[in-house]
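What follows is a short report on a single structure.
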Amino acid sequence: MNVIPMKAVRKRRHPNLRKTKCMSCRKLKIKCDEATPKCEYCSHTDKECIYPTEKQLDVILSASVNAPSLTSNSRRLNASTSHMNISKFELRLLYYFNQVCLTDQAVENPGMERVWKIEVPMLWQQSDLVRHSVFSLSALILSSLCNLEAVYKEDYSFGDSNNFDNWTTGFYKGSKTKVSDTNSTSIEDRWSSKVPLFPSKDKNSKQLVNDKHDVDNEDVDKFKELLFEKSNEYFVKSLRRTYAVMENVQRQDMVVKSQHQAAEIVMSGILLFSFLTVQPYGLVPIISDDPKITDLVSMVKGIKVSMTKSFPLLYYSSFGEILKSSERVSLPILTEDDVYPICENLERNMQEYFEINPEITDEEKKHLEGALYLLKVVIYRAIESSKQCSILRYLFVVEDWILEEAKQSRNLLCLKILFIYACLCLMGKVRISLERSIFSDYLHWYKNFNIEHFGAWRYPDDEAFYDLIIEKGLVVDGVNFAVLKTFDPLTYNIENHNTLESY
């Protein structure tokens with residue numbers, strides 16, 4: 001019998017198939033400039049930049065060639081928006097929050113990872129308050145950090161269909177919501193499938209991922225405006241409701257009765273705090289003595305009260321790790337080796353303050369010394385973990401007395417404590433814009449306060465710290481807070497520092 005030879009099946013070769021993207025860019029499916037030792041994305045986000053070996057690359061490319069059709073992913077996208085009653089734009093924000101926001105803010109332990117990766121998505125589909133909080137944070141980071149000119153084709157977004165299936169299942173499983181309009185031709189939905197990539201160091205850059213796919217500059221500008229409007233729209237919704245709920249809890253007009261209610265209040269508060277600390281719009285100050293103005297410390301006080309009220313309901317629940325992690329900040333026993341020049345300077349200022357003001361009570365001294373000790377603790381934790389959240393937590397562990405004295409009495413030491421806190425946050429890159437942040441706003445305000453009341457800086461180390469952060473652009477390299485072991489603003493040699501960013 002004659003055997004008729006079959007034609008060899010020719011595998012479709014994808015463009016740029018042999019591109020040696022780093023592992024981080026491959027994971028996020030974004031363009032990699034393949035620079036060494038670090039690509040642009042990893043340099044900007046302080047990630048470890050690892051390029052695959054030839055053997056690893058062969059495995060990756062083999063899997064890529066055999067991957068399911070991207071057209072099916074587009075169908076899954078439409079199906080998902082129908083199940084969840086959200087637009088494709090909002091689904092993209094949700095995907096960005098899950099894949100990028102949570103990845104960049106590395107979790108501390110498996111329990112925390114479970115809360116953010118599993119419990120929050122489940123709460124998201126049951127709570128409009130949490131939903132708006134997630135959307136506001138995601139839209140904010142997307143609009144401020146990303147190079148909106150650098151976009152992929154529509155079929156880029158969910159690359160691996162298995163990952164997409166696993167991810168979406170957690171959000172809409174069992175949902176009975178109405179079908180949303182997935183055929184929208186608005187600028188919102190036309191751009192919803194084009195996820196922006198990494199920040200561009202050249203703000204005027206118009207470079208596209210692929211020059212063959214031109215993007216209308218007018219549409220780009222409209223999309224930028226859309227993200228700004230959307231982030232503020234979601235923020236206003238979440239702020240009003242979260243603040244109202246927290247005020248009711250503080251006044252005891254509202255009793256937290258269920259785990260769901262407790263989780264909704266606590267998680268929306270944390271998300272709102274995250275939004276406020278990174279937003280570049282000057283929406284709220286850190287402190288304000290005007291009762292009509294919402295400030296950050298008031299929000300923190302409300303979140304702390306909500307956490308206290310929710311403690312019995314959440315501590316042994318699936319959300320308990322959030323409360324337990326806040327306890328750990330005060331666990332370490334500091335030794336004589338845990339001496340930080342920043343804290344030594346503050347301690348000298350305190351002793352001078354006590355001598356000049358003999359009317360200071362023992363209770364007031366205890367509050368101030370306690371704030372100093374907790375500052376040492378968060379610096380210790382930041383050095384140990386190399387995580388920004390270790391510094392951010394300070395507002396949650398310091399006593400309300402310190403915050404109220406800063407707000408109402410303008411106690412100089414309390415203001416200085418907040419100044420150090422803001423400086424450390426900026427050193428740790430807790431912001432998404434070099435031009436403005438809630439922390440840089442406070443540094444400028446504190447400088448003006450000193451000049452207005454003393455004619456110059458009251459403490460030389462404050463002036464030196466301000467100059468290093470604002471004028472010189474000092475940031476820690478790779479969110480590595482080990483520099484704080486020996487860092488003294490008065491003697492620090494900026495010439496020996498590699499990482500500088502101008503404000």
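Of note:
- The set of residues in region 351-398 that are of a type in the set (K, R) and crowded, with 16+ Cβ neighbours inside 10 Å comprises K376, R381, K387, R393.
- Test: K309 is over 13 Å from G269 (Cα atoms) and either at pLDDT 80 or above or among the charged types (D, E, K, R) (or both): yes
- Unmet criterion (only one of (1) closer than 30 Å to R436 by Cβ; (2) modelled with pLDDT of 70 or more) for Q126: (1)
- Scan of region 421-474 for residues that are hydrophobic (A, V, I, L, M, F, W, C), modelled with pLDDT under 90 and crowded, with 18+ Cβ neighbours inside 10 Å, ordered by number: V430, I432, L474
- Residue-level analysis places T277 among those that are of a type in the set (S, T, N, Q) and under 20 Å from K230 (Cα atoms).
- Residue in region 359-376 that is within 23 Å of I293 (Cα to Cα), touching a helix residue (DSSP H, G or I) at 6+ places or on another chain (Cβ under 8 Å) and not aromatic (F, W, Y) present: no
The values are calculated or read from the model by the stated rules, or taken from the named source; none is laboratory data. All values derive from a computational prediction rather than experimental measurement. Neighbour counts run over all protein chains shown; Cβ positions are idealised from the backbone, glycine included.
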